[in-house]
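What follows is calculated from the coordinates using simple rules that are stated; it is not laboratory data. Note that the coordinates shown come from a computational prediction; the quantities given were computed from them, not determined experimentally. Please note: Cβ atoms are built from the backbone with ideal geometry, for glycine as well, and neighbour counts cover all protein chains shown.
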Amino acid sequence: MTFTKITFKTLLHSSLLVLYMWTSVCISASTDHWFYQAVIAWDNQKFDKARILFTRSAQLGNAEACYNLGVIHQQGIAVRANSSRATFWFKRAATLGSSKAQFILARLIIAQRRKSNRDIRLATRWLFKAANQKHPAAMYWLGTLYTMGQGVKVSHAKAAYWYIKAARAGHATAQLHSARLYNRGVGVKKNVITAYAWAKLATLQNANRARENWIYIKKPMTVRQRQQGDLLAKHLANKQGQ
């Protein structure tokens, strides 16, 4: 079977450029004045002021502020890009529980040209931490690592487990992988109806090569099986993220 080849040329997905200013902000009961002031400054494109305010918030232990500082230094927003500073803030955010930072740290470690088995194991631990917080991409990458045997022993069953969890969280590529696994019975019991459903959802999200896989899966299916697949796809779509 075919799996996506692991490549690390791009350290950060373009979505990581977005600082999640208005969503997914989980702060303690006491409002973090500096953080919200930083958000306002950022919204008004006062990036240097926002950086200073995020720093004050981060010093108070705000994981989201630490993460944002990591992105700022990684991308060179209002400062000169500095990977060391970015990693420093990502580590602080990850330690404070940010799943986004945990995922980025794992990817940065894996992206290193020279890395030891110890480095890979560390990256895997960060992925587990993020995945246990239902980070879709982290769950997908654990599936890939179990497929390739990097940092963990090869296990098609565990790969399928994490791919399916990521698929249920709405990760398009994981949905495509789940479709392939169910269609061929690798790591899971073969089920063409479930394969059809995941392939359809991946196609609706324009996942690479999803449509051709969906067509391939449904070609030998009966009309009844396709109807069942459509119903399952609708059910899975309604349950995504739950």
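Summary table below
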read-out	value
Within segment 182-197, tally of residues that are within 12 Å of LYS218 (Cβ to Cβ) and aromatic (Phe, Trp, Tyr)	1
Residues (in contact with a Ser or Thr (Cβ under 7 Å, 6 or more places away or on another chain), closer than 10 Å to HIS177 by Cβ and in a helix (DSSP H, G or I)) located in segment 194-214	TRP198
Number of the condition not met by ALA138 [criteria: (1) farther than 17 Å from ALA174 by Cβ; (2) touching a residue at least 24 places away in the same chain (Cβ under 8 Å)]	(1)
Count of residues meeting criterion [surrounded by fewer than 24 Cβ atoms within 10 Å (Cβ to Cβ), in contact (Cβ under 8 Å) with a residue 24 or more places away in the chain and touching a helix residue (DSSP H, G or I) at 6+ places or on another chain (Cβ under 9 Å)] in segment 101-119	3
Of the criteria (1) in contact with a helix residue (DSSP H, G or I) (Cβ under 8 Å, 6 or more places away or on another chain); (2) in a helix (DSSP H, G or I); (3) under 29 Å from PRO220 (Cβ atoms), which one ALA123 fails	(3)
Those residues of segment 142-181 which are surrounded by fewer than 24 Cβ atoms within 10 Å (Cβ to Cβ) and part of a loop (DSSP other than H, G, I, E, B), in sequence order	GLY149, GLN150, GLY151, VAL152, LYS153, VAL154, SER155, ALA169, GLY170
Segment 82-120 - residue that is part of a helix (DSSP H, G or I) and charged (D, E, K, R) and, of those, farthest from ALA65 (Cα to Cα)	ARG118
Residues within segment 87-100 that are surrounded by fewer than 23 Cβ atoms within 10 Å (Cβ to Cβ) and among the hydrophobic types (A, V, I, L, M, F, W, C), tallied	2
